[in-house]
Amino acid sequence: MVQNMDRRLKKEYSCGKIAYFSNTDFSLYNFRMGVMKEIKRKGFEVFACGNITKKELVKEIEKHEIKFINIPLKRSFDWWGGDILYFFRVYFFCRKKKINVCHNFTIKPCIYASLAQKMTGVPKIYCTITGLGYIFQENNLKISLLRKIVIFLYKFSFKFTDKVIFQNPDDSELFIKLGIIKKEKTKIIKSSGVDVDEFSPFSVDQEKIKNLKKEIDYKEDKIYITLVSRMLWQKGVGEFIEAAKKLKKKYNNLIFLLVGPVDRESPSGIPREKLENWHKEGIVKYLGERRDIREILAISDIFTFPSYYGEGVPKALLEAGAMGLPLVTTNIPGCKEVVDDNKNGFLIRPKDTEDLAEKIETLIKDEGLRVRFGKNSKEKILKEFDEKNVVKKYIEQIYKIIN
């Protein structure tokens, strides 16, 4: 049946050209590779469209015979400059290539790319909301005004999309409540999934483990507590630092690892100098942006993600869970999808350093609990968030939209 639908798609829509639009090459590589590779495997021509931040990521994408199209895009809103230019770049690309299906991710592609694609005459357009971001979290005057504009733009652009996919039910319900989209146009596919074969304790690179341990002066008698994230205040980095200060006064066997890139474009970005000062003061070991996340998780004992950002379903939590770690995260949409409280981790109150420190301490004092929670994490990820199952759901949506 699937093969018949593949043939039908190719027959009805020329040579079956499918384009994926996101803000950066990192987003396309880290979150969309599974579905793009599967679509390519089925014989379609696949384009990955986004802003180039690292040429090595583009090479990784193109290694799978997926064509990367550089369409520059600033994540911050630039109404009369970059945003309009982005709109026309998408328009001319889709018209030139005669794209049959477009899938848009992140705010600007969901808004501007969808409109450009409709004007070009792309037959099928759909979007995925990968979290609400800071625009729906902050309430100062500037952000409130920006939120009203974004809601208007979402509402207008979604008139021309065939389906909007959400990663958690709370975001879907909010968009319906705000009148941005009608319920019948929505679909929930939890997360982008995680490659459970890659993120497995049995798949770690022993040479990388050896080098990592040497780099951080790893000690077997220490307990390693890790946060992997973009360096944003709203990701709970400040709360992680305060919890580290509090717990290190009580215990001398704790190492807090802080991992992730500086984000200069976000208003919530933490300056590199502050991160380096925390490192120098010995509060945390700040490792910066890394490609050995799997190995970092392999030497960790506890994973924390105290975010109060507008998450979809954080991949960092999925990767840590797949590696068999106990999880401590906030009781907010997206994060709570991954953690069953008191079963594979703890759900804490947002912005609550005391609650975070208390739950970490519970795990510090009970190795058996860490092992049990970690085992449950692995089982939950395998059951609910295996990338192969998530990709299958996205493929099914393509066929449904075509039909």
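Since every read-out is calculated from the coordinates, none of them should be taken as a lab result. Quick caveat: nothing in here was measured; it's all calculated off a predicted structure. Methodologically, a virtual Cβ is constructed for each residue, glycine included, from the backbone with ideal geometry; neighbour enumeration extends over all protein chains shown.
Using modelled backbone amide H atoms (1.01 Å from N, in-plane), which distant-in-sequence or interchain residues come within less than 5 Å of PHE346's amide H?
For PHE346, the qualifying residues are LEU327, VAL328, THR329.
At most 14 other Cβ atoms within 10 Å and a DSSP loop assignment: could you name the GluC sites (Glu not before Pro) in region 151-252 that fit?
In loop regions of region 151-252 (DSSP not H, G, I, E or B), the sparsely surrounded GluC sites (Glu not before Pro) are GLU198, GLU220.
Determine, for PHE166, PHE87, the number of other Cβ atoms within 10 Å of each Cβ, and report the residues in order from fewest to most.
PHE87, PHE166
So between GLN206 and LYS383, what do we pick up on full extension, going 0.36 nm a residue minus the alpha carbon distance?
61.0 nm
Along each of its three principal axes, how wide is the spread of alpha-carbon positions in region 279-391, in whole angstrom units, largest first?
Answer, in whole Å and largest first: 44, 31, 31 Å.
Can you compute the label reach from ILE143? Point 7 Å from Cα along the Cβ direction, backbone N cut-off under 16 Å, restricted to region 285-315.
307-312, by backbone N distance to the label point.
If you project the alpha carbons of region 168-208 onto their three principal axes, what span does each projection cover, largest first, in Å?
Its Cα atoms span 53, 15, 11 Å along the three principal axes.
For region 257-269, in order, what is each residue's ³J(HN,Hα) by Karplus, 6.51 cos²θ - 1.76 cosθ + 1.60 with θ = phi - 60°, in whole Hz (x at glycine and Pro)?
9, 10, 10, x, x, 6, 10, 6, 7, 7, x, 9, x
Which of SER229, ASN342, GLY374 sits closest to the plus end of the dipole of region 201-384, meaning its Cα is farthest towards the positive end, when Lys and Arg get +1 and Asp and Glu get -1 on the C-beta?
My answer, from the dipole projection, is GLY374.
Quick check on the exposure proxy: order THR329, THR362, THR106 from fewest to most C-beta atoms within 10 angstrom.
Ranked by crowding around the Cβ, least crowded first: THR362, THR106, THR329.
At q = 0.14, 0.27, 0.32 Å⁻¹, work out log10 I(q)/I(0) for region 30-79 with the Debye formula, treating every Cα as an identical point scatterer and leaving solvent out; two decimals please.
-0.38, -1.06, -1.30
Using 25 Å as the Cα-Cα cut-off, could you pick out the over-long pairs in LYS182/LYS378; LYS250/LYS359; LYS235/LYS388; LYS219/LYS375; LYS213/LYS351?
Distance filter (> 25 Å) returns LYS182/LYS378; LYS235/LYS388; LYS213/LYS351.
How big is the charge dipole of the chain about its Cα centre, in debye rounded to the nearest 20, if each Lys and Arg gets +1 on its Cβ and each Asp and Glu gets -1 on its Cβ?
1640
Report, as a whole number in µm² per second, the diffusion coefficient that Stokes-Einstein gives for region 211-290 at 4 °C and 1.567 mPa s using the Kirkwood radius over alpha carbon pairs.
99
Once every DSSP H run of n ≥ 4 in the chain is given -39500 (n - 2.57) and the sum is divided by its residues, what mean residue ellipticity at 222 nm do you get, rounded to the nearest 500 deg cm²/dmol?
-13500 deg cm²/dmol
With Rg and Dmax of the Cα atoms in Å defined as stated, name the option among (1) 23.8, 78; (2) 20.4, 62; (3) 21.4, 67 computed from the structure displayed.
(3)
Which of SER307, SER191 has the fewest other C-beta atoms within 10 Å, and how do the rest follow up to the most?
Listed from fewest to most nearby Cβ atoms, that is SER191, SER307.
I need the phi-derived Karplus couplings for region 282-292: 6.51 cos²θ - 1.76 cosθ + 1.60, θ = phi - 60°, integer Hz, Gly and Pro marked x.
Those phi angles translate into x, 6, 9, 9, 8, 9, x, 6, 10, 10, 10 Hz.
So what's region 201-384 giving for Rg/Rh, alpha carbon basis, Kirkwood Rh from the mean inverse pair distance?
Dividing the radius of gyration by the Kirkwood radius yields 0.93.
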